[in-house]
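Asker: Structure in structure tokens, see below.
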Amino acid sequence: MNLAERIVNIPPSATLAINAKAQELRSKGKKIISLAVGEPDFTPPKEVKEAMLQAVEQGYFRYLPVPGTLELRQAGARYFQHFYGVEAKATEIMFSNGGKQCLYNLFQVLLNPGDEVLLPAPYWVSYPPMIQLSGGIARVVPTRVEDNFKLKIEELEKQVSPRSKMLILNSPSNPTGITYTQEELEELASWAISKGLIVISDEVYDQLVYAPFKPASLASFWQEHKESVAIVNALSKSFAIPGLRIGFVLGAEKLIQAMTKLQGQSCSNICSIAQAGALAALQGDFSFLERERQSLQERRDLAWNFLTELGLKCPRPEGAFYLFPQVKDFFKGEIKNSTDLCAYLLEEAEVALVPGIAFGDDSCLRISYAVQQEVLREALNRIKQALTKLT
Ligand SMILES: Cc1ncc(COP(=O)(O)O)c(C=O)c1O
């Protein structure tokens, strides 16, 4: 069968490959610990489960409006009001299957073939293939570990061209955990607007920031620049419900209408039962988030202290649940890059990690610390032993 070029040219997911290898080793009896996962291990707020059970009991199984029910979109607007003081209308909000489909929809409705997207690296794995699927071209803008992986306007200036259409910002970042302050976000967005670009702000980890840091968002900036900014959020990480696939976009009405048209011709509304759960989460008191933040902060401290005591260069993340240490000093002999090092650590330490190359930086690897502290400690000790054998 001849498959379409658009799919043949897309690389397979590096994270899925690691997980498949870890599964294979597990099936052979190895006690693999996975720090490769991109999801929190918390039990979601009980209101979510109750609302979903009730929806099932009440037979809430019909088709719903494509962008989400009015009530749910109003609850989405309440989110931006509650955390960022933004007055948004329900018609400026849309729900899709996770942050992922929100981004996919955005690229599809905003990019024409040949349009360039400024993409700061290290970047989340799915941006390049999604941009490619829409016919766009990712122009990678490097950042440096020495600058805490923060994006510099002079680097953006080097990559911007008359074909540039969009800038992607992702704070807190997957894979580095690096988090911009409100001022930094606005400075980058203002630069983009001065160049006529659209800013997509991926804020799926906005609530997972650690004291004294406060959640920051371009939502308030969007109010003044509705035609040039769109905000992506999701309940996957912050409410620990990734499998329910709930993401939402805040954007100009015209943009929301275009994405509604696209989604109406692809998957229609997101699952009705998941919408009931999302509504409960968004109408709740958000106290769940504080408990989650505290727990993740303790794990961040444990893992970051451990890695820096090992002598690894790793900026201390202020958000999300990832660390992105530089490991290039271990590239010797058979181990030539981050993929080889992750394969070695999987065999030798029985710990699954994601090679930095998947995020556009081959000198690093990604560690997810969203696991219980005992498991984290055990995994880090195993990594230390395995790395010591290489020195
Ligand atoms: C930066 C970033 N954006 C978007 C997503 C997609 O999230 P969702 O699971 O809600 O589709 C992820 C998930 O890993 C992510 O890390």
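Asker: For segment 124-280, what value does the Rg/Rh ratio take when both radii are computed over Cα atoms and Rh is the Kirkwood radius, given to two decimals?
Answerer: Rg/Rh for segment 124-280 comes to 0.96.
Asker: Where Rh is the Kirkwood radius over the Cα pairs of segment 6-157, the temperature 4 °C and the viscosity 1.567 mPa s, what D in µm²/s does Stokes-Einstein return? Don't skip to the answer; put the middle values down first.
Answerer: Values: Rh = 19.8 Å.
So the translational diffusion coefficient is about 66 µm²/s.
Asker: Can you give me the orientation-averaged projected area of the convex hull built on the Cα atoms of segment 348-391, in nm²?
Answerer: Hull-based average projected area comes out at 3.4 nm².
Asker: Starting from the alpha-carbon convex hull of the chain, give the projected area averaged over all orientations, in nm².
Answerer: The directionally averaged projection comes out at 20.4 nm².
Asker: Still on this model: Which cross-chain or sequence-distant (5 or more) residues have an amide H under 5 Å from the amide H of Lys150, H modelled 1.01 Å from N in plane?
Answerer: Amide H neighbours of Lys150: Arg144.
Asker: Relative contact order, percent, of the chain when contacts are C-alpha pairs under 8 Å separated by at least 6 residues?
Answerer: Relative contact order of the chain: 23 percent.
Asker: Let me ask something else about it. Post the alpha-carbon centroid distance, segment 27-43 to segment 324-391, in whole angstrom.
Answerer: Going from one Cα centre to the other spans 14 Å.
Asker: Specify the angular offset, from 0 to 90 degrees and rounded to the nearest 10, of the alpha carbon long axis of helix 182-194 from the longest principal axis of the alpha carbons in the chain.
Answerer: Computed tilt is about 70 degrees.
Asker: What whole-number value in cubic angstrom gives the convex hull volume per residue for the C-alpha atoms of segment 283-391?
Answerer: Spread over its residues, the Cα hull of segment 283-391 gives 108 Å³ apiece.
Asker: Return one number: the angle in degrees, 0 to 90 and rounded to the nearest 10, between the long axis of the Cα atoms of helix 272-283 and the longest principal axis of the Cα atoms of the chain.
Answerer: The angle comes out near 90 degrees.
Asker: In nm, what is the difference between 0.36 nm times the number of residues separating Thr391 and Lys152 and their Cα-Cα distance? Before the final figure, lay out the partial values.
Answerer: Details: separation 239, 0.36 × 239 = 86.04 nm, distance 3.42 nm.
Contour length minus Cα-Cα distance gives 82.6 nm.
Asker: Next up: Go through segment 32-44 residue by residue and turn each phi into a ³J(HN,Hα) via Karplus (6.51, -1.76, 1.60, θ = phi - 60°); whole Hz please, and just put x for glycine and proline.
Answerer: Running phi through 6.51 cos²θ - 1.76 cosθ + 1.60 with θ = phi - 60° gives 6, 9, 9, 10, 9, 7, x, 9, x, 9, 7, 7, x Hz.
Asker: Per residue of the chain, what 222 nm ellipticity follows from adding -39500 (n - 2.57) for every DSSP H run with n ≥ 4, rounded to the nearest 500?
Answerer: Numbers: 14 runs with 165 residues, N = 391.
My calculation for the chain gives -13000 deg cm²/dmol from helical runs alone.
Asker: I've got another one for you. I'd like the orientation of helix 287-309 relative to the chain: the angle between its Cα long axis and the longest Cα principal axis, in ° from 0 to 90, rounded to 10.
Answerer: Compared with the principal axis, the helix lies near 30 degrees.
Throughout, read-outs are computed from the coordinates displayed, never taken from laboratory work. Small disclaimer: the values here were computed from a predicted structure and weren't measured.
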